[in-house]
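The values are calculated or read from the model by the stated rules, or taken from the named source; none is laboratory data. As the structure is a computational prediction, the values presented were derived from the model and not from experiment. Ideal geometry is used to build each Cβ from the backbone, glycine not excepted, and the neighbour counts take in all protein chains shown.
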């Protein structure tokens, strides 16, 4: 099982690399809950996500499933143009430093993903169809003797879950994780409460890569250490299209056409 998960982890890293070659639509549905767990307010935003000169850019295109008004749309185009202008005027030294930092961050991500294979005891519980494809269903329980080698890895033993591994591609098709204890992170103290769940579904794109289709999570957030609110987050991803920005500077109108 550990060997299988190391293979899956390596392929997930490759998926992340290939994601940079795609534009796609991300729809974020955020529900703020009251003390009784009832929805108090909802914020719905839709983004076009693209990669420009090594930087991922999210352009807001809709609020509450309605196109932006002219003023807000202009602000989003200005944001894209700033990224283009920044890269246009970037010196060779600044570019090397940026690329070195990006590679260092990717290496840290690789280390973390591979530690997942060591953090759990895995058990095959059966097979199921996921999107019409055969998948192994595997449960993971935290290993009590797991020693994390990264700061971020200490959170792994706070979760247990079930994963669905596509049998043909050895790719993560689905994941359902449960938080075993309240954990906190970040300057503004975002928290997963005990019993919260994190669920991810992936889809096969262009017969070459597995990319997110839907993600849901429950998070408890405290702003500036003062105000608490619970949030249900639902994200969906669609319309993946192969795209790679070239080295020349593109106008905003050209980007939109692509």
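Key figures
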read-out: Qualifying residue in region 133-156 (condition: under 21 Å from residue 18 (Cβ atoms), in a strand (DSSP E or B) and touching a residue at least 24 places away in the same chain (Cβ under 8 Å)); value: yes
read-out: Total residues in region 68-83, condition free of Cβ contacts under 8 Å to residues at least 60 places away in the same chain and surrounded by 15 or more Cβ atoms within 10 Å (Cβ to Cβ); value: 3
read-out: Condition met for residue 58 (touching a residue at least 12 places away in the same chain (Cβ under 8 Å) and touching a helix residue (DSSP H, G or I) at 6+ places or on another chain (Cβ under 8 Å)); value: no
read-out: Filtered residue count, region 6-22, keeping only those that are within 14 Å of residue 140 (Cβ to Cβ) and modelled with pLDDT of 90 or more; value: 1
